[in-house]
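A.B. asks: If you scroll down you'll find the structure; I have some questions about it.
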Amino acid sequence: MRIADSELKIMRILCGKAARCHTLEIRTELESTTDWKKSNIQTLLRRLRDKRVINANHHYVTLYSTNINQEEYVKSEGQTFIDKLFGGSAKKSRGVFVPERTIGRERY
């Protein structure tokens with residue numbers, strides 16, 4: 001599952017809430033930190049719903065919640081990254097992410 005950077009901003013807001021989040025809360029937070037308008041935010045929310053990453057409960061107002069937690073997403077993206085660059089081999093990627101000077105030479 002691929003979540004765009006712009007969609008990730010919405011996910012961070014939802015993951016930071018203990019309960020479901022009203023559309024207005026999401027808009028207020030995003031409009032104060034981005035130049036996004038209501039239509040942009042609604043499009044991103046729809047995309048996340050289509051990906052089944054968030055849930056939308058429609059009653060008198062729409063309340064959003066996540067279907068995955070932040071840890072699940074990070075693991076998924078990490079594995080996708082390793083798959084793309086190193087053919088799924090975490091062993092091959094080790095030297096790229098861990099600087100040589102932080103591991104003693106005796107461990108090589």
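The values are calculated or read from the model by the stated rules, or taken from the named source; none is laboratory data. Fair warning: this is a prediction, and the values are worked out from it, not measured in the lab. Every residue, glycine as well, gets a Cβ built from its backbone with ideal geometry; the counts of neighbours run over all protein chains shown.
A.B. asks: So in the stretch 1-31, with the set limited to residues that are more than 17 Å from the chain's Cα centre (by Cα) and of a type in the set (A, V, I, L, M, F, W, C), which one is modelled with the lowest pLDDT?
C.D. replies: Applying the filter and picking the extreme gives Ala19.
A.B. asks: So, one more: Please go through the stretch 21-54 and give me each residue that is touching a Phe, Trp or Tyr at 6+ places or on another chain (Cβ under 7 Å) and without any contact (Cβ under 8 Å) to a residue 24 or more places away in the chain, ordered by number.
C.D. replies: Selection gives Leu30 alone.
A.B. asks: Let me ask something additional. Being in contact with a strand residue (DSSP E or B) (Cβ under 8 Å, 6 or more places away or on another chain) and free of Cβ contacts under 8 Å to residues at least 24 places away in the same chain is the filter here, so list the residues in the stretch 56-79 that pass it.
C.D. replies: Ala56, Asn67
A.B. asks: Tell me yes or no: at least one residue of the stretch 35-48 is closer than 13 Å to Tyr64 by Cβ and surrounded by fewer than 14 Cβ atoms within 10 Å (Cβ to Cβ).
C.D. replies: Looking through the stretch 35-48, at least one residue is closer than 13 Å to Tyr64 by Cβ and surrounded by fewer than 14 Cβ atoms within 10 Å (Cβ to Cβ).
A.B. asks: Could we say that Val61 is loosely packed, with under 14 Cβ neighbours inside 10 Å, among the hydrophobic types (A, V, I, L, M, F, W, C) and modelled with pLDDT under 95 here?
C.D. replies: So Val61 fits the description; yes.
A.B. asks: Another question about this same structure. Can you work out which of the residues in the stretch 1-20 that are free of Cβ contacts under 8 Å to residues at least 60 places away in the same chain and of a type in the set (D, E, K, R) is nearest to Asp50 (Cα to Cα)?
C.D. replies: Glu7
A.B. asks: Those residues that are hydroxyl-bearing (Ser, Thr, Tyr) and more than 20 Å from Ala18 (Cβ to Cβ), I need them from the stretch 49-81; list them, please.
C.D. replies: Listed by number, the residues that qualify are Tyr60, Ser76, Thr80.
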